[in-house]
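The values are calculated or read from the model by the stated rules, or taken from the named source; none is laboratory data. All figures in this text were calculated on a predicted structure; none of them were measured in a lab. Backbone-built Cβ (ideal geometry, glycine too); neighbour counts: all protein chains shown.
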Amino acid sequence: MIGTVIAGVAAVVALVISIRSYDLSVRTYDLQIADRNERLTSEKREVADRITWWRESYTREAGVDRYIEPLMVVQNSGSEPVSVYILNDYRLDGKPAKWWSSKGVMPPCTIMRHYPLESAPWPMRKKYREPFNKAVYTLYFIEVISAK
């Protein structure tokens, strides 16, 4: 009888230890996941901190016409290449219009210029020059993962 009681108590103690051990492993796993997510976020911020961009204007001459066009300048000061995409958001005849410009992979330590009107047909450029100058340009980039 005493042996049965001791076996029962031992089983309960083993169960409690097992539950505690499982709880500890789940907490450890959660902490590892949180740490990993924090590290990835930090790495993304480091990449983002090294990408700068600004808007400029430049004068273009076509025959006797001189006009100002928008220019986006992107600089990758980081040590990793990034894929660059620019969302061109403007209004034509009072209606919203958007298009994406894929600039490809931008190597580290480089400057890239984006001329939004160069992808538009000439008549459109001439007719809609002012909306292009007032457009909103948004930069998106994706870090290029290289196989090592």
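Is it the case that region 60-76 has a residue that's without any contact (Cβ under 8 Å) to a residue 60 or more places away in the chain, hydrophobic (A, V, I, L, M, F, W, C) and farther than 19 Å from Tyr137 by Cα? Among the residues of region 60-76, at least one is without any contact (Cβ under 8 Å) to a residue 60 or more places away in the chain, hydrophobic (A, V, I, L, M, F, W, C) and farther than 19 Å from Tyr137 by Cα, which makes the answer yes.
Residue pairs whose Cβ atoms lie under 8 Å apart, separated by 6 or more positions or on different chains, with the first residue in region 132-148 and closer than 19 Å to Arg113 by Cα and surrounded by fewer than 15 Cβ atoms within 10 Å (Cβ to Cβ) and the second among the aromatic types (Phe, Trp, Tyr) and at pLDDT 80 or above, are Tyr140/Tyr85; Ile142/Tyr85.
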